[in-house]
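Student: What follows is a single structure, and I will ask about it in a moment.
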Amino acid sequence: MLILLPPSEKKLETKAPTAAINVYIGVLYQALSWSTLSESAKKRAEKSIMIISAKYGAITPLTKIEYYKEKIDNKAMSPSIAKALDALNPKLIVDCRSSTYKTAWHAPNEKTVEIHVSTVVDGVRKVVTHMSKKTRGEIARMLLQSRSIPNSPEDLYAIVSEKYPCALTPATDKEPWILEVIAV
């Protein structure tokens, strides 16, 4: 399993290179709550999480980075990100990236599940933005702590549906799998 995360707009201003997981401090990373994960969950994260950074490309949680303010230049970053991610070849890709970062690398549709988050207001489903970051962080945390590692979209659905109402839409030639999660 590969979990793709975007960086956080909110960063800790560090004086020396610091593990990326400690530099990014936005809503998604607060929900992931790295410092409270067990050692085994952290080891799983180091093997399965890739953060798509505007400055550093595809990095792991423990990659040492410095504070930066750059916005991603997808055209310039795409080759290095593709090289790093294509080499991994996981069975399942859980894509938690925001739309800005999705164009930096196109994951294979047949084994990628994008996490879409919405809420229901007065019986109508509405897309949420800020809450979606929190929910994606919670899902990443849930996967790192799960007793089983999802190897298929259906496995992912089984794990996530234990906490969230959700629906799984199969991939097409043009689109990846979609796991529509209702934030509670």
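Student: Loop-only trypsin sites (Lys or Arg not before Pro) in the stretch 60-90, please: DSSP not H, G, I, E or B, and at most 16 other Cβ atoms within 10 Å.
Tutor: Taking the stretch 60-90 and a limit of 16 other Cβ atoms within 10 Å, the loop trypsin sites (Lys or Arg not before Pro) found are Lys69, Lys71.
Student: Return the percentage of antiparallel bridges among DSSP beta bridges fully within the stretch 1-137, rounded to the nearest 5 %.
Tutor: 55 percent
Student: Using modelled backbone amide H atoms (1.01 Å from N, in-plane), which distant-in-sequence or interchain residues come within less than 5 Å of Tyr67's amide H?
Tutor: For Tyr67, whose amide H was placed from the backbone, the distant partners under 5 Å are Thr14.
Student: Another question, if that's okay. Run the numbers for Thr103 and Val120: contour at 0.36 nm per residue of separation, minus the present Cα-Cα distance, in nm. Write out the running numbers ahead of the final one.
Tutor: Working: separation 17, 0.36 × 17 = 6.12 nm, distance 2.83 nm.
Length difference between fully extended and current span is 3.3 nm.
Student: May I pose another question? Counting only protein heavy atoms and using a 1.4 Å probe, what share of the accessible area of the stretch 1-126 belongs to carbon plus sulfur, as a whole percent?
Tutor: Working: 3350 of 6450 Å².
It is 52 percent, rounded to a whole number.
Student: Here's a follow-up. Which loop GluC sites (Glu not before Pro) in the stretch 50-118, with loop taken from DSSP, have no more than 13 other Cβ atoms within 10 angstrom of their Cβ?
Tutor: Those satisfying the criteria are Glu70.
Student: Give me the 1.4 Å probe accessible area per residue for the stretch 45-184, excluding ligands and nucleic acids, in Å².
Tutor: Values: 7530 Å² over 140 residues.
Roughly 54 Å² per residue, with all protein chains present.
Student: Nearest 10 degrees is fine. How inclined is helix 39-48 to the longest principal axis of the chain, computing both from alpha carbons?
Tutor: Helix 39-48 and the main axis of the chain meet at about 90 degrees.
The values are calculated or read from the model by the stated rules, or taken from the named source; none is laboratory data. Remember, it's a predicted structure, so these values are computed and weren't measured experimentally. We place every Cβ from the backbone using ideal geometry, glycine too, and count neighbours over all the protein chains shown. SASA here: full protein model, heavy atoms, side chains in, ligands and nucleic acids out. Shrake-Rupley method; radii C 1.70, N 1.55, O 1.52, S 1.80 Å.
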